[in-house]
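The structure under discussion appears below in the form of structure tokens.
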Amino acid sequence: MSDDHTHVQEFFTARAADWDRRFPDDGPAYAAAVAELGLREGGRVLDAGCGTGRALPALRGAVGRSGVVLGADLTPAMLREAARAGRDRDGALLLTDVARLPLCSSSLDAVFAAGLIAHLPQPGENLREIRRVVRPGGVLALFHPVGRAALAARQGRRLTPDDLRAEPNLRALLTGAGWRMTSYVDEDTRFLALAVRDA
């Protein structure tokens, strides 16, 4: 396991048990972001970096019982919390690295990724791997329940022009990985960038 993976696992393992209690009011923001994916009954979707699985109920609601919902995370402790919360009833939980997804190419309609982009060791390569498993015309949602400025304030840091989620930086990153950004919202109450996989 790389040092980047070890750091991510250590960070989230230490926080897994009280993650949902720390952010109890995020549910509506997750549901609203999932709605913007435009999923349909019977769709196939992955929550990449699912953590405790907070998006899984909304994703299941969007694709119905005939759809496929997967939640993938690198940290066993987060997946244990997702199961403890009963969210494994809404989607199959996978202990895996988004850099090497155990999924067939073009097998998904969409990928939802909450808070993931900042934790990717090689964002361009990792977004290309996510693209691999999404069908042409499929959608990627990069989401956070608070915007960039609010998150920076929460973390005690200042926003800088090289911030990965700044619109020009993120657009260039997505384009280089084979995605076309279709919308970008950065407000205090949410961050949501949607992108489509071109053929």
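Hey, any idea what % of region 1-82's accessible area is carbon plus sulfur with a 1.4 Å probe? Carbon with sulfur: 52 percent of the solvent-accessible area. With both labels modelled 7 Å from their Cα along Cα-to-Cβ, the Gln155 to Arg40 distance reads 3.8 nm. Most simply put, the chain has about 45% antiparallel DSSP beta bridges, counting only bridges with both residues inside it. Accessible surface for region 1-158, divided over its residues, is 46 Å² per residue with a 1.4 Å probe. With the largest listed first and rounded to whole Å, the semi-axes of the equivalent ellipsoid of region 89-199 from the Cα gyration tensor are 24, 16, 13.
When the helices of the chain are scored as -39500 (n - 2.57) per DSSP H run of n ≥ 4 and the total is divided over every residue, the value at 222 nm lands at -10000 deg cm²/dmol. Extension gain for Ser183-Asn169 works out to 3.6 nm (0.36 nm per residue, less the C-alpha to C-alpha distance). Note on region 55-119: percent of Cα-Cα distances in each 5 Å bin, starting at 0 and stopping at the bin with the largest distance, equals 4, 16, 27, 28, 19, 6, 0.
With the cut-off at under 18 Å, measuring from each backbone N in region 53-75 to a point 7 Å along the Cα-to-Cβ line of Ala17 picks out 75. The residues neighbouring Arg89, those whose beta-carbon lies less than 13 Å from its own, together hold a net charge of +2 under the Lys/Arg +1, Asp/Glu -1 convention. Annotation: average projected area of the chain is 10.1 square nanometres, based on the convex hull of Cα atoms across all directions. On a per residue basis, the convex hull of the C-alpha atoms belonging to region 140-199 measures out at 68 Å³.
The values are calculated or read from the model by the stated rules, or taken from the named source; none is laboratory data. Everything quoted here is computed from the prediction, not taken from an experiment. Cβ sites come from the backbone with ideal geometry, for glycine too, and all protein chains shown count toward neighbours. Ligands, DNA and RNA are stripped out before the accessible areas are found, and what is left, the full protein with its side chains, is counted by its heavy atoms. Shrake-Rupley method; radii C 1.70, N 1.55, O 1.52, S 1.80 Å.
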